[in-house]
Amino acid sequence: MAGLIRTILLFSACVIHSVHANPLQRIEVSKNVFALIGPMEQRSETNLANNANFGFIVGERGVVLIDSGGTLKGAKAIEAQIRAVTDKPVVLVINTGGQDHRWFGNRYFAEQGIRTLTSEQTLADQQARGDAQMASTSRYTGESWHGTDVMPAKEMVSAVTDISVEGIQLQLIPVGPAHTGGETLVWLPESGVLFSGDVVYMDRMLGVGPQSQHLAWIEAFKVIQQLKPGKIVPGHGQPTDLTGAERDTYRYLRFLRSAVGQLLENGEDMSATSSIDQSAFSYLSVYEQIHARNAQRVFEEMEWE
Ligand SMILES: [Zn+2]
């Protein structure tokens, strides 16, 4: 009986744990290079707006963090993941994009004296859309928003930049607009790992939103093809290789462009986008919610080309 009670207690402890647990899944994608894979659902009080991927690299005496989380609590959840691996301090935070979860945790790290760095175009996007995103992310995260005080990155680069920190060699590659107004790749030439930010979506359908530019996104993807990464940590979804990223992201962007281009050539209007058969991509999550809107957005863009 005692054994049974203990089993029940253990079981309920597990259930409680899973509700309040850090929802990030930690994967060592290469030696000392970690991906933190967030859930693909909408922002919520439980996921702390960490519904995206993050990463960190452990160097000689310090850690480089890629993207700082969607709330103060989200930043602390990321820090807890680092602490599960090493006691070394975070010495540099890099933001790959201007979307909330890429940078809303910046202040937490900056107040510890840690540098925050991104590219010029990503910084411009953070400044332009910060207020609007604060309004929506605070609504989605409810109580978990408490204490969040957003702060764009303090330092920026304007071109491809090599960085050497704590024995870690990395390259910041600004690729301009794609999913948002300015994305920044983080490339580790030694291990062949690329942190792509939102230039690559895996497992879930990418979103072509009002802030997106699909043609520039295709061009940004070509930069990744030239790097020939062995492993890609995407903005959302599981780590992959170039073939996987081409399948779930590049192929879809090109498909939309060609299908919408055909409609325009035939003199159709936007309502015709609903006739595009996108079912080859229905295996991607959130397909139902966003595929129609994606085609409309590409139509809007292409009308003006
Ligand atoms: Zn994203």
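Values as computed for the structure displayed
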item	result
Segment 36-61 residues that are of a type in the set (K, R), paired with ones that are part of a loop (DSSP other than H, G, I, E, B) and surrounded by 24 or more Cβ atoms within 10 Å (Cβ to Cβ) (beta carbon under 8 Å, 6 or more apart)	R43/A49; R43/G70
Test for S158: is it within 21 Å of A220 (Cβ to Cβ), of a type in the set (G, A, S) and open to solvent by less than 10 Å² (accessible area, probe 1.4 Å)	no
Residue list for segment 174-201, restricted to those being closer than 18 Å to G97 by Cα, open to solvent by 10 Å² or more (accessible area, probe 1.4 Å) and away from the ligand (no atom under 16 Å from the Cβ)	P174, W187
Selection count, segment 119-128, where residues are within 15 Å of the ligand (Cβ to nearest atom) and either open to solvent by less than 10 Å² (accessible area, probe 1.4 Å) or not in a helix (DSSP H, G or I) (or both)	2
Residue in segment 163-171 that is away from the ligand (no atom under 16 Å from the Cβ) and crowded, with 21+ Cβ neighbours inside 10 Å present	yes
Segment 58-87, residues that are farther than 19 Å from A110 by Cβ and either out of contact with any Lys or Arg (no Cβ under 8 Å at 6 or more places or on another chain) or among the basic types (K, R) (or both)	E60, R61, T86, D87
Scan of segment 216-271 for residues that are part of a helix (DSSP H, G or I) and of a type in the set (S, T, N, Q), ordered by number	Q225, Q226, T243, T249, S258, Q262, S271
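Okay, residues lined up against (1) touching a residue at least 40 places away in the same chain (Cβ under 8 Å); (2) part of a strand (DSSP E or B); (3) within 24 Å of I218 (Cα to Cα):
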site	(1), (2), (3)
G130	no, no, no
Q133	no, no, no
S138	no, no, no
V150	yes, no, no
S164	no, yes, no
Q171	no, yes, yes
V175	yes, yes, yes
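The values are calculated or read from the model by the stated rules, or taken from the named source; none is laboratory data. Keep in mind that what you see is a predicted model, and the values were worked out from it rather than measured. Cβ sites come from the backbone with ideal geometry, for glycine too, and all protein chains shown count toward neighbours. These accessible areas exclude ligands, DNA and RNA; they are computed on the full protein's heavy atoms, side chains included. Shrake-Rupley method; radii C 1.70, N 1.55, O 1.52, S 1.80 Å.
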